[in-house]
Amino acid sequence: MGSMGRRDKMVDAFRRAGSVVPTGQVERLLKTGRSAVGMAGVMLGERWGGGGSERTLDAVASLVTQLGELKGVAMKAGQMLSFLDPTLPEEARNLLALLQMQAPATPLEQVQATLTTELGIGAAELLRTLDPVPVAVASIGQVHKAKLADGTLVAVKVQHAGVREALLADFRTASSAGSVASLLVPQANMPGFVAEAREVFVRECDFAWEARQQQRYGELFGAKGPVRIPTVEARLCSPRVLTTHWLPGPPLHQALASNPSQQLRNDWGLALFQAYVGTLYAHGLFHADPHPGNYAFLQDGSIILYDFGCVREFDRAAVLHFSDLADATRRADEDGVFAALKALGAGGADTVDNRRLALTLLQRFWGPMLKPGERAIPSDGAMEAQRMMQDKRSMARLGIPPAMLFLLRIRFGLYAVLARLGSVLDWSALEQTWAREARGGAKARN
């Protein structure tokens with residue numbers, strides 16, 4: 001059976017069989033430990049003797065099922081593996097990509113119970129037309145299609161029962177040898193980074209907070225810009241339910257399968273880069289969950305951006321220091337890089353070796369963005385920096401603050417998606433322009 005046939009069979013099975021999230025700490029540690037071993041095997045290529053035997057694909061399929069049933073940190077780790085590592089064979093990537101939108105679903109009865117508990121009498125409007133089969137299942141919740149009383153189609157995101165407790169259990173064991181959290185959080189022996197990741201991921205369980213972030217993005221981009229945001233139906237939202245207007249579009253793999261023109265690829269890349277990097281410089285906001293399941297790509301060159309549970313906000317001073325860091329890195333200015341890192345809260349000793357280490361790290365991180373001129377981002381453009389950032393000793397030496405480290409790591413995901421799009425733009429000029437505008441805006445306010 002080929003990987004696509006196996007994939008379709010798995011999707012069908014996931015939809016038919018309900019999956020209840022295990023929440024016990026000991027139970028999750030045992031199960032995530034087995035999954036971590038499987039993930040490590042895939043990451044190291046130990047199972048790929050030449051690429052994609054039936055036995056190998058069966059093993060990856062089993063791993064996908066395990067991670068999907070665990071939800072929480074385990075599933076997030078699988079999502080990241082599916083698009084961050086360009087060395088994986090296509091067959092493995094196709095199966096792991098199920099974790100972006102098509103994991104084992106929470107039983108319908110539990111979904112209905114959550115809607116009733118969260119929305120009270122307001123749930124009746126959704127329950128009357130709720131499609132029993134979810135259109136997407138992610139690590140925190142799943143999405144069902146429904147229709148409001150006035151005929152408006154909506155997407156109803158309902159949180160998996162027990163997922164918050166599962167996340168907390170995963171982070172309590174993050175420093176344990178072999179835990180999946182230790183793969184997602186390679187600096188697991190750095191308490192500050194673990195605490196930062198825990199705060200970010202647990203906050204994703206607050207759908208009322210997510211609704212407010214989505215409304216902010218909607219106000220920033222408007223209804224007809226290059227980045228489109230589904231409208232929030234605030235009266236049908238709660239901490240565990242998020243209802244938005246139905247705004248569908250082709251996901252990444254379908255958009256690329258349509259053989260898009262280079263111009264269309266460039267338009268998509270520009271919209272995506274603006275949504276992430278442009279918004280950071282202009283508003284201090286960063287959408288910190290850049291896996292491909294969070295976008296749709298339209299034929300007019302615009303994109304739809306979904307899932308705002310992992311938005312990070314940085315104050316104006318931090319944005320300006322980040323701009324200084326980018327400029328110093330572009331100039332290969334060791335002193336400037338270290339000064340900007342210090343301003344951002346880095347606590348490493350100011351030594352010749354540390355200044356050199358900081359510049360090397362940041363040059364690799366910004367690598368695809370440093371050179372002027374139009375260019376595509378290589379598929380392995382951030383892999384070397386990603387591996388370097390897994391070096392606990394280097395991170396400890398530089399003392400990079402957790403919020404900054406989280407921002408740097410997440411941006412690798414953006415590079416990975418832009419590389420798959422094949423967009424050809426002057427990335428350096430774009431980032432420099434937005435950074436210049438941020439500094440100009442700060443001077444105007446002063």
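Details
- Inter-label distance for LEU256 and ALA208, nm, one decimal - labels placed 7 Å from Cα along Cα-to-Cβ: 4.0
- Under Karplus coefficients 6.51, -1.76 and 1.60, residue-wise ³J(HN,Hα) of the range 226-237 in Hz, glycine/proline x: x, 10, 10, 10, x, 5, 7, 9, 4, 5, 10, 10
- Backbone amide hydrogens, once placed in the peptide plane, bring ILE304 within less than 5 Å of ARG228, ALA296, PHE297, LEU298, excluding anything fewer than 5 places away on its chain.
- Placed amide H near VAL311: partners under 5 Å, 5+ positions off or other chain: ALA288
- Residue-wise HN-Hα coupling along the range 432-439, computed from phi with Karplus coefficients 6.51, -1.76, 1.60 (Hz; x: Gly, Pro): 5, 5, 5, 5, 4, 5, 5, 5
- Distance violations [Cα-Cα > 25 Å] among LYS224/LYS371; LYS76/LYS224; LYS76/LYS342; LYS9/LYS145: LYS224/LYS371; LYS76/LYS224; LYS76/LYS342
- Table column - 3J(HN,Hα) (Hz), the range 122-136, Karplus curve with 6.51, -1.76, 1.60, x for Gly and Pro: x, 5, 4, 4, 7, 5, 4, 10, 4, 5, x, 9, x, 8, 7
- Amide H contacts of HIS160: GLY141, GLN142, each under 5 Å away and 5 or more positions distant or on a separate chain (H built 1.01 Å from N in the peptide plane; Pro and chain starts excluded).
- Net +/- balance of residues flanking ILE303 in space, Cβ distance below 14 Å, scoring K and R +1, D and E -1: +1
- Scattering profile of the range 262-338 at q = 0.26 Å⁻¹ [log10 I(q)/I(0), Debye over alpha-carbon scatterers]: -1.12
- Taken along the Cα-to-beta-carbon direction at a fixed 7 Å, the label points for ARG331 and ARG356 span 2.2 nm.
- Packing order of peptides 330-338, 144-152, 102-110, 266-274, highest average first: 266-274, 102-110, 330-338, 144-152 (average count of other Cβ atoms within 10 Å over each peptide's residues).
- Chain lengthening between GLN363 and ALA234 when straightened (0.36 nm per residue, less Cα-Cα): 42.1 nm
Values in this text are rule-based calculations from the coordinates and carry no lab data. Keep in mind the model is a prediction, meaning the values are calculated, not measured. FYI the Cβ positions are ideal-geometry reconstructions off the backbone, even for glycines, and counts take in every protein chain you see.
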